[in-house]
Amino acid sequence: MYAFDYQRPGSRADAVRAAQGEARYLAGGQSIVQAMKLRLSSPERMVDLGGIADLRAIKQDGANLVIGAMATHGAVAASLEVKRAIPALAELAELIGDPMVRNMGTLGGSIANADPAADYPAALVALGATVQTDRRSIAAEAFFTGLYETALEPGELVVAVSFPQPQRAAYSKLRQPASRFALVGVFVSQGAGGVRVAVTGAGSTVFRLKPMEDALAKRFAPESLAQISVPTDNLNGDIHGSATYRAAMIKVLAQKAVAAAASRAGESK
């Protein structure tokens, strides 16, 4: 690991000031620290966000659930606010990694890293979430731009994510046994913005499936997806599964997610 300057600011403003130049924010450290150990990343300065308490808040704001960037996966999974507003999001967080990862990894760190097999991107896109930074608000679909790429500018700090509360939603995931990342994960939601289906793990970044959305808009049931074929273009293929296999699993997992979501009378309480 390369030498670097370490700072632990106590406020957002101090964090942004410290992040000038060749600096990286340190959230849960589940990705960046490993990359530094392997000498794949060598920032001159690490700005630890762990001392900024207000970045961990989880609260209801009108019709939206707002989760601070430094909320850990474990906190999201255990939060009564999340379970009341969007149970599927709490369930997704519970599926991330193992207890150590869930107690250290954060929502903001995960989405900023934009791993193609991460779980949260599917939730953000399917729920029509908005990423709030110290500079602006970014729609989830505009936030994830490619393989490990986002719309964030240098030094821009993710503050929170605002999730519209759906009528119903569910997430279904095929886990890679060792890493527990998603070989394929499908998040389905139905709400004020209509039906949305978002897929993670199968491509270079999260994406929506409009044919499935259109079919489910007519009838929200697993059977509505029976005749839909998922194209293999631009899907990942590796030792864990071919593009053809992932395409088949997208359909299977989407049907499972729809069945789980349909079994809920509604998520608004």
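So here's what we get for this one:
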read-out	value
J(HN,Hα) series, the stretch 54-61, from Karplus relation 6.51 cos²θ - 1.76 cosθ + 1.60, nearest Hz, glycine and proline x	6, 7, 9, 5, 10, 8, 8, 10
Pairwise FRET efficiency - Ser179 versus Glu223, Cβ, R0 = 41 Å, nearest 0.05	0.80
Lys, Arg +1 and Asp, Glu -1 on Cβ, resulting dipole of the stretch 51-164 about Cα centre, debye, nearest 20	300 debye
Cα extents of the stretch 168-262 along the three principal axes, largest first (Å)	37, 24, 21
Count, lysine Cα pairs under 29 Å in the chain, 8 or more residues apart or across chains	22
Crossing angle, helix 243-262 versus the chain [Cα axis fit, 0-90 degrees, rounded to tens]	80 degrees
Footprinting exposure proxy for Ile228, Ile67 (fewest neighbouring C-beta atoms within 10 Å first)	Ile228, Ile67
Amide H within-cut-off set for Asn64, under 5 Å, with H built and near neighbours excluded	none
Likely footprinting exposure, Ser162, Ser263, Ser11, fewest C-beta neighbours within 10 Å first	Ser263, Ser11, Ser162
Sparsely packed GluC sites (Glu not before Pro) within the stretch 189-269, loop by DSSP, other Cβ within 10 Å at most 15	none
Choice from Asp115, Asp238, Asp98 showing the highest fluctuation, given a GNM over the chain with Cα pairs closer than 10 Å	Asp238
Simple label model, 7 Å out from Cα along Cβ direction - Lys59 to Gln167, nm	3.0 nm
Gaussian network model of the chain, springs between alpha carbon atoms under 10 Å - residue of Val47, Val131, Val184 with greatest fluctuation	Val47
Per-residue ³J(HN,Hα) for the stretch 130-135, Karplus 6.51 cos²θ - 1.76 cosθ + 1.60, θ = phi - 60°, Hz, x for Gly and Pro	10, 8, 9, 10, 6, 10
Radius ratio Rg over Rh of the stretch 99-204, counting only Cα atoms, Kirkwood formula for Rh	0.96
Reciprocal of mean inverse Cα separation for the stretch 51-164 (Kirkwood radius, Å)	13.8 Å
R0 of 30 Å, Cβ-Cβ distance Tyr148-Phe4: FRET efficiency to nearest 0.05	0.90
For Gly29, residues with placed amide H under 5 Å, excluding near neighbours	none
Loop trypsin sites (Lys or Arg not before Pro), the stretch 195-228 (other Cβ atoms within 10 Å of the site Cβ: 16 or fewer; DSSP)	Arg219
Dipole magnitude of the chain, debye to nearest 20 (Cβ charges: Lys/Arg +1, Asp/Glu -1, about Cα centre)	620 debye
Average Cα contact separation per residue, the chain, under 8 Å, 6 or more apart, as relative contact order %	16 percent
Per-selection metrics, the chain (Cα): Rg and Dmax in Å	18.2, 57
Gaussian network model of the chain, springs between alpha carbon atoms under 10 Å - residue of Asn234, Asn64, Asn113 with greatest fluctuation	Asn234
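Just so you know, all these numbers are worked out from the coordinates, no wet-lab data involved. Everything numeric in this text was worked out from a predicted model, so none of it was measured. Don't worry about glycine lacking a Cβ; one is built from the backbone with ideal geometry, like all the others, and counts go over all protein chains shown.
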